[in-house]
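Working notes for the structure below.
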Amino acid sequence: MYSLPNGLDNARLLPVLMFFHVPLAAPRPFEFSIQVPQAFEELVRVRRMAQKEQWTRSARNSRPSPLGEAEKQAIVIACDSFIRDVLKPRFLREIRPTNFNYVIDIHGAWAGGRYRFMQRYRSGMDHNRGDEFDAPFARIDRVGRNRFDIQWMRHTGRWWRLYSGVTLAEALRLLETDEILYPG
């Protein structure tokens, strides 16, 4: 049971005590007064202050250390062989033309410290027959020496990070086993 020190009344401490969920002693019947408007306004003000979202600095650097050409080539070669040996045989056995958009290739591209895995589509519609476009479905972002984040392209067109700080071998294994990262 919590009792107030001398000189303090419930009305001034009520918002603070309610915020920290400190139980008050039960009031004696018919011997208490409540200043609801002032106490309620103070409680709302304290809670709003506690719930404000604030930007904070992240411990992680926004940009990883510079990437050497040899390391970049090793990542590109590993990803290209993964596409050739795993993704294409599994998800693109044959090209099936339709009256709508259909997949004709799976490929990747390196840009800005990221490797994107993409499907190339061809349109079969009358008004744009033969037009082609790329649709990325996953990417790996280099965040440090042999450390990558795996991101998935949502239906909204925004990237969503699923895994953080994995090695390249783990990233390729996750791309092979996690169904959400599968192409189309």
* Flag if ASP141 is closer than 21 Å to VAL166 by Cα, assigned by TED's automatic domain parsing to the domain that holds ARG173 and among the acidic types (Asp, Glu) -> yes
* Structure fact -> Of the residues in the range 81-140 that are over 28 Å from the mean Cα position of the chain (by Cα) and among the acidic types (Asp, Glu), the one that is nearest to LEU174 (Cα to Cα) is ASP85
* Asked: Applying the selection to the range 137-151, what residues are in contact with a helix residue (DSSP H, G or I) (Cβ under 9 Å, 6 or more places away or on another chain) and acidic (Asp, Glu)?
  -> ASP149
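Taking VAL143 as the residue in question, decide whether it is over 13 Å from the mean Cα position of the chain (by Cα), at pLDDT 95 or above and under 23 Å from ILE77 (Cβ atoms).
Taking the combined requirement at face value, the residue does not satisfy it.
The values are calculated or read from the model by the stated rules, or taken from the named source; none is laboratory data. Note that the coordinates shown come from a computational prediction; the quantities given were computed from them, not determined experimentally. With ideal geometry, Cβ positions are generated from the backbone for all residues, glycine too; neighbour counts draw on all protein chains shown.
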